[in-house]
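Read the structure below first, then the notes.
The values are calculated or read from the model by the stated rules, or taken from the named source; none is laboratory data. These numbers were taken from a predicted model, which means no experiment stands behind them. Note: ideal-geometry Cβ built from the backbone for every residue, glycine included; neighbour counts use all protein chains shown.
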Amino acid sequence: MIIKRLFSTASTSGILMEKSTQPATKCLQLAVIGAPNVGKSLLTNSLVRCPLSAVSSKMDTTTRNISASICEDVTQLVFVDSPGAVSTSHVRQTMKILTNGQLSDNQQIATKPAQIGRLGKSLSTTTPTNFTPTDEKWKMQFRDLIQKPTWKCSYSETRSLFREICGWSGFERVFFTSSLTGEGVDELREHLISTAPDGEWRMEEGMPTGESAQQLAMDSIRAAVLDTTPSDVAYTVNVRISEWQEQGEVLQIVGEIRCQKPRDGSLIIGKSGKRISEIGRRVNEHLHSLFQRQLYARLIVTHNGKLITQAK
């Protein structure tokens, strides 16, 4: 397949072991869930060491679940980068997580209680607490408070209810990471690898994602449009790949940006073609980093099938 050929590297081992002597494999599947525009895709890219998910400064850059994997020795981590969640119902709908702790394909969701950590290092809780989560009086007060609108919750009520609670109850480890600087990412990845259970790999080695190469290219173009174009126009365009050819060692890509109005197309092209040139530069840089091969991506802007050219 095209995607496997694009992601193939020279690091593939030339020695095949007999099936009976191969070590047991481990696999851990995770979902990256969070509010919109908090850096879920950037974190996923950092964890798998590959810019699979397109990122931008705008919300809703990721519009569907994107799988990404990384293999370390006999362990495979499989991440699902999800669109921004705005409510618990949105999370269930997006991730297809049922209330009984199962995924839609009957995979179980394992949960554990945790302790806090910072940039990959565990921190011990220095303040003891006598809080008992089974206290019925506290539960009743919590239910009464949670039913109120936020602006009706006084500071005294909130403080009296939560003053005995400290740390991150319900979590075994909490990591503070920065995808921009890389702080804490390696520690988080190592922790996930160490907790991976025995199991067969979900994705083939050398195939870091289940997405097609063309879809990844369209995501890259859309992200560049979102980053450089006013929102009222950027969110209305449709992106398609109109040409995809491999000429020798060079991959030739023609991306089509379809606009709802001719004026939107002129805005995307920009004065003297500066904006479309910037979009093209970003797309070429991202795809070159993603596919690790020589390529050239050219972008055209259309409206109702008609090419929009640079205004003189």
Q) Out of (1) touching a Ser or Thr at 6+ places or on another chain (Cβ under 9 Å); (2) not in a strand (DSSP E or B), what's the single condition that is false for VAL301? A) (2)
Q) In the stretch 259-272, is there at least one residue being closer than 30 Å to SER69 by Cβ and either surrounded by fewer than 13 Cβ atoms within 10 Å (Cβ to Cβ) or out of contact with any Ser or Thr (no Cβ under 7 Å at 6 or more places or on another chain) (or both)? A) no
**Q.** Selected residue (criterion: farthest from the chain's Cα centre (by Cα)) from residues of the stretch 212-232 that are in a helix (DSSP H, G or I) and farther than 17 Å from SER277 by Cα
**A.** ASP232
Q) Looking at (1) surrounded by 14 or more Cβ atoms within 10 Å (Cβ to Cβ); (2) without any contact (Cβ under 8 Å) to a residue 12 or more places away in the chain, which is the only condition SER194 fails? A) (1)
(Q) List pairs: first residue in the stretch 197-221 and in contact (Cβ under 8 Å) with a residue 40 or more places away in the chain, second residue among the β-branched types (Val, Ile, Thr) and assigned to a loop (DSSP other than H, G, I, E, B) anywhere in the structure, Cβ distance under 6 angstrom, at least six positions apart or on different chains. (A) TRP201/THR25
Q) Residues of the stretch 138-177 being touching a residue at least 12 places away in the same chain (Cβ under 8 Å), outside any helix (DSSP H, G or I) and of a type outside the set (Phe, Trp, Tyr), which ones? A) GLU164, ILE165, CYS166, GLY167, SER169, GLY170, GLU172, ARG173, VAL174, THR177
**Q.** Of the criteria (1) in contact with a helix residue (DSSP H, G or I) (Cβ under 8 Å, 6 or more places away or on another chain); (2) at pLDDT below 95, which one VAL225 fails
**A.** (2)
Q: Looking for whichever is closer than 26 Å to ARG49 by Cβ and surrounded by 11 or more Cβ atoms within 10 Å (Cβ to Cβ) here; the options are GLU157, GLU211, GLU243, GLU200. Which one fits?
A: GLU211
(Q) Quick check on GLY206: is it more than 23 Å from the chain's Cα centre (by Cα), farther than 22 Å from SER56 by Cβ and outside the structural domain of THR61 (by TED's automatic domain parsing)? (A) no
(Q) From the list SER272, SER242, exactly one residue is farther than 20 Å from LYS58 by Cβ, small (Gly, Ala, Ser) and in a strand (DSSP E or B). Which is it? (A) SER242
Q: Inspect all residues belonging to the stretch 250-261 and state whether any of them is of a type in the set (Asp, Glu), assigned to a strand (DSSP E or B) and either within 19 Å of GLU285 (Cβ to Cβ) or touching a residue at least 12 places away in the same chain (Cβ under 8 Å) (or both).
A: yes
